[in-house]
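Report on the structure given below.
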Amino acid sequence: MENQRVFTLSQVLQHKSEKDCWLVINGRVLDVTKFFEEHPGGKEVLMEVAGKDATKEFDAIGHSKGAQNLVLKYQVGVLEGVTVEEVGGKEHVTGMESKTQEMSGFVVKEDPKAISEIFYEFFLPLLVATSYFGYRFLTREESQS
């Protein structure tokens, strides 16, 4: 690990095309250009994080051990200011503290399609049922009179 090339995030950012795609995972700089065809999520997923630190996205998916080992195959260096060490069989990354605080939560998007689906799935059947029972009630009352 001592002879690894060191890159800055701005250098990684210059490699964000389909012909030259780099990203950072756990302080390791990866050239994933040749991995596009193999990636189960497709190249679009990789292109979304091209030239960026994709550690959070990588960890959020819950990749298998095999996928985690592929990181080493495509590694071309390390991010400047980061030390990656193997400690007890697990990698330990130091010097990669977040410079911004983040907040997690749910985002509710207002989708016009969802509103129409609510109408068709709930209110339309309710309207039909009310009309049916109203018609039955009115015709029953008239026939008994």
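The values are calculated or read from the model by the stated rules, or taken from the named source; none is laboratory data. Worth saying up front: this structure is predicted, and the values here are computed from it rather than measured. Neighbour counts are summed over all protein chains in view; Cβ atoms, including those assigned to glycine, are modelled from backbone coordinates with ideal geometry. Note: areas computed on protein heavy atoms with side chains; ligands, DNA, RNA excluded. Shrake-Rupley method; radii C 1.70, N 1.55, O 1.52, S 1.80 Å.
The set of residues in the range 1-33 that are crowded, with 19+ Cβ neighbours inside 10 Å and without any contact (Cβ under 8 Å) to a residue 40 or more places away in the chain comprises HIS15, CYS21, LEU23. With respect to the conditions (1) over 30 Å from VAL32 (Cβ atoms); (2) modelled with pLDDT of 80 or more; (3) open to solvent by 90 Å² or more (accessible area, probe 1.4 Å), ILE118 lacks only one, and its number is (2). Number of residues in the range 35-66 that are among the polar types (S, T, N, Q) and either in contact with a Ser or Thr (Cβ under 8 Å, 6 or more places away or on another chain) or more than 20 Å from VAL12 (Cβ to Cβ) (or both) equals 1. Given the range 1-69, what helices (runs of 4 or more DSSP H) lie entirely inside it while holding 1 or more residues that are small (Gly, Ala, Ser) and on the phi < 0 side of the Ramachandran plot? Output list reads 9-13, 55-61.
The residue that is modelled with the highest pLDDT, counting only those in the range 35-80 that are more than 20 Å from SER17 (Cβ to Cβ) and among the hydroxyl-bearing types (Ser, Thr, Tyr), is THR55.
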